[in-house]
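J.: For reference, the structure I am asking about is given below.
All of the numbers you see were taken from the coordinates with simple rules; none came from a lab. This structure is a prediction, so every number in the text was calculated from the model and none was measured. All Cβ positions, glycine included, derive from the backbone under ideal geometry; neighbour counts span all protein chains shown.
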Amino acid sequence: MTTFLTPEGHKKLEEELEMRKREMRQKIAEIIKEAKEQGDLSENAEYTEAKRQQADNERRIMELENIIRTSQVSSFDKKSKVVQMGSRVAVKFNGEEQAFDIVGSNEADPLNGRVSNESPIGKALLGKKAGEKAMVQTPSGEKEYRILEVK
């Protein structure tokens, strides 16, 4: 299954990757060097912690490289009136208005209104226009979202 990213999400991942490769690697290497200069490494907590940070950083670098390599950046048609990746969608649900940004699964942050295109809400909204209803299957049953606006 292809993972999608918005252009904004792709850029953020590339920026994080670059920062981790350049700044964090250098910073951690300096900490390790300083810790080694203190002598006995077997009881050196600073050295042990720096090596842990180094492993975590390298793991995240590999993860970011994999996401970037295997993901597809979605194209966003600003003139389109239908919900697509990158859209901001205003909906009415249970009498309340809510707004969602439709993003890729790696960018999702539901608590901040960033809904994955793979989530039940994201799937139901994709391809719809303002004025249409989207039926969303939830654990407590099917819910209706009325689309108010697509930006």
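J.: Go over the candidates V89, V73, V83 one by one and state the one that is closer than 20 Å to E15 by Cβ and in contact with a strand residue (DSSP E or B) (Cβ under 6 Å, 6 or more places away or on another chain).
T.: It is V73.
J.: Quick check on L111: is it among the hydrophobic types (A, V, I, L, M, F, W, C) and buried (at least 18 other Cβ atoms within 10 Å of the Cβ)?
T.: no
J.: Take V91 and tell me if it is touching a residue at least 12 places away in the same chain (Cβ under 8 Å) and buried (at least 17 other Cβ atoms within 10 Å of the Cβ).
T.: Yes, satisfied.
J.: Also: Identify all residues within region 106-151 that are among the hydrophobic types (A, V, I, L, M, F, W, C) and either touching an Asp or Glu at 6+ places or on another chain (Cβ under 8 Å) or assigned to a loop (DSSP other than H, G, I, E, B) (or both); write none if there are none.
T.: A108, V115, L126, A130, A134, M135, V136, I147, L148
J.: Let me ask you something else. Checking the condition at positive phi, among the small types (G, A, S) and in contact with a strand residue (DSSP E or B) (Cβ under 7 Å, 6 or more places away or on another chain), which residue from G127, G122, G95, G104 passes?
T.: G127
J.: May I ask you to say which residue of A29, A55, A35 is surrounded by 15 or more Cβ atoms within 10 Å (Cβ to Cβ) and without any contact (Cβ under 8 Å) to a residue 40 or more places away in the chain?
T.: Within the list A29, A55, A35, the selection yields A35.
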